[in-house]
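This report refers to the structure that appears directly beneath it.
The values are calculated or read from the model by the stated rules, or taken from the named source; none is laboratory data. A quick note: this is a predicted structure, and the numbers were derived from the prediction, not measured. Note that we place each Cβ from the backbone using ideal geometry, even for glycine, and neighbour counts take in every protein chain shown. With ligands, DNA and RNA removed, areas are computed over all heavy atoms of the protein, side chains included. Shrake-Rupley method; radii C 1.70, N 1.55, O 1.52, S 1.80 Å.
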Amino acid sequence: MGRSLDIVIAGVQKAGTSSLARYLKQHPCILGHESREMPYFARNEVYKVGFDTLFNIYYKNEPTENYILLAKSTGISYLEKAARRLSGHSPNCKIVVLLRDPVNRAYSAYWHMRREGWETKDTFEAALAAEKRRIEKGGDVAIHCSYCTRGRYPEQISRLKRLFGAEHINILLLRDLNEAPVAICQSVFDFAGVDPTFQPPTKENYNTAKRARSERVSQLLN
């Protein structure tokens, strides 16, 4: 089963989760993974490998005696199987969910997926029109390019509360993270049970949506 996770940034996609994860893991008592995402619970082929096997790949730094293990995976809020897998592995972990205006989030996600090579539709409107058909077909494109479906926050939050308990869920807003990043980080430190007076550097934003120089190259790489 492996080492339990203590706190997980579970979503949502394109709502500042990468920035928050970078800020939080600067705390001396928090150990985070180097990769942008930890897809262990969300992707079947990764989950089959086993957490013990992947632990030293995700967490390359030597842990201290008293540390909080942090993970970030936006698939956990969206995918029921991912949330259930996390619940089975770390039933007592604390969950952080960052929310963003669903329309702005969807549009940002569209350009992010164009950059990453998953999205092949030339316009946002065409991608929205294709969403239902993609979900019915299933597969990775359906997971990555579900712009409207990922914006249904109430059902995602309700599922997380059922699995982990409402007292273990901390819901934040991207707007607040942008306006007061240190204060938000300190609130999460307090939620996680580490020194909340630590002030992480928060000047840089991570994983912002940009258009790929070559969408064809991005598609081939993916």
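In angstrom, the C-alpha Rg and Dmax of the chain are 17.1, 52. Computed over neighbours whose Cβ is under 11 Å from that of Arg175, the net charge equals -2, Lys and Arg +1, Asp and Glu -1.
Averaged over its residues, the chain has an accessible area of 51 Å² per residue, based on protein heavy atoms and a 1.4 Å probe.
Adding -39500 (n - 2.57) for every DSSP H run of four residues or longer, then dividing by how many residues the chain holds, sets the calculated 222 nm ellipticity at -13000 deg cm²/dmol. Sorting the segments 142-149, 6-13, 174-181 by their mean number of nearby beta carbons within 10 angstrom, highest to lowest, gives 6-13, 142-149, 174-181.
Listed peptides 34-47, 120-133 appear in the order 34-47, 120-133 once ranked by packing, highest mean of other Cβ atoms within 10 Å at the front. Listed by chain and number, the lysines whose C-alpha is less than 16 Å from the C-alpha of Lys14, apart from same-chain residues fewer than 8 away, are Lys72, Lys210. Amide H to amide H, with H built 1.01 Å from N, Leu172 comes under 5 Å of Val97, Leu98, Leu99, counting only residues 5 or more places away or on other chains. Ranked by the mean number of other Cβ atoms within 10 Å of their residues, highest first, the peptides 156-165, 72-81, 108-117 come out as 72-81, 108-117, 156-165. Normalised Debye scattering of the stretch 85-204 at q = 0.10, 0.17, 0.22 Å⁻¹ gives log10 I(q)/I(0) of -0.42, -1.02, -1.19, counting only Cα atoms as equal scatterers and leaving out solvent. Averaging 1/r over every pair of different alpha carbons in the stretch 115-156 and inverting the result gives a Kirkwood radius of 10.7 Å.
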